[in-house]
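Note sheet for the following structure.
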Amino acid sequence: MADIKIPEIKVPQYLGTGRRKCAVARVRLVSGSGKILINGRSFENYFPLESLRVVAAQPLTATGTAEKYDALISVAGGGPNGQAGAVRHGLARALLTIDANFRPALKAEGLLTRDPRMRERKKYGQPGARRRFQYSKR
């Protein structure tokens, strides 16, 4: 059989990386109808809580592009809250590569700022980061 080569259609993709706590999200935006896939699962399936869905989709609603782009997202590390924050940050960065005019709207919502808060490390000689062993006089 002859090798049949299927021509690849080059669709513009817009990339953005978001981080929050220990979570890292790699976001790919493609023009489409507004579908969001996270790690191969639907948006509603991946984030079952409405509050997490609102946080994750905040950049799309702030710029009014929720029905214009499909998002293919790969997220790893952290828990559900950190992952939702990482997706939010990644979407905001990807939207900036599409149109720089989105910057004021995203900046006003505080979506472009990387949240620096991290988990504090456990210290030696105590059971947790801040917790101390119970003191007893005798």
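Since every read-out is calculated from the coordinates, none of them should be taken as a lab result. Here the structure is a predicted model, which is why all the values come from computation and not from measurement. Using ideal geometry, Cβ is built from the backbone for each residue, glycine included, and neighbour counts are taken over all protein chains shown.
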Within the range 20-40, is even one residue touching a residue at least 60 places away in the same chain (Cβ under 8 Å), part of a loop (DSSP other than H, G, I, E, B) and not aromatic (Phe, Trp, Tyr)?
-> yes
Go through the range 98-118 and give me each residue that's in contact (Cβ under 8 Å) with a residue 24 or more places away in the chain, assigned to a helix (DSSP H, G or I) and not hydrophobic (A, V, I, L, M, F, W, C).
-> GLU109
Give GLU120, GLU67 a once-over and let me know the one that is closer than 28 Å to GLY32 by Cα and among the acidic types (Asp, Glu).
-> GLU67
Selection within the range 41-79 - touching a residue at least 40 places away in the same chain (Cβ under 8 Å), buried (at least 19 other Cβ atoms within 10 Å of the Cβ) and in contact with a Lys or Arg (Cβ under 8 Å, 6 or more places away or on another chain) = GLN58, PRO59, ALA71, ILE73, VAL75, GLY78
Only one of (1) exposed (fewer than 11 other Cβ atoms within 10 Å of the Cβ); (2) polar (S, T, N, Q); (3) within 11 Å of the chain's Cα centre (by Cα) fails for GLN134. Which number is that?
-> (3)
Would you check which residues across the range 49-97 are in contact with a Pro (Cβ under 9 Å, 6 or more places away or on another chain) and outside any helix (DSSP H, G or I) and list them?
-> LEU49, THR65
Got a sec? Which of LEU60, LEU106, LEU111, LEU91 is of a type outside the set (Phe, Trp, Tyr), closer than 30 Å to LYS10 by Cβ and out of contact with any helix residue (DSSP H, G or I) (no Cβ under 6 Å at 6 or more places or on another chain)?
-> LEU60
Any residue in the range 9-16 that is in contact with a Phe, Trp or Tyr (Cβ under 8 Å, 6 or more places away or on another chain) and surrounded by fewer than 18 Cβ atoms within 10 Å (Cβ to Cβ)?
-> no
Hey, any hits in the range 41-48 for a residue that's of a type in the set (Ser, Thr, Tyr), touching a helix residue (DSSP H, G or I) at 6+ places or on another chain (Cβ under 9 Å) and assigned to a helix (DSSP H, G or I)?
-> yes
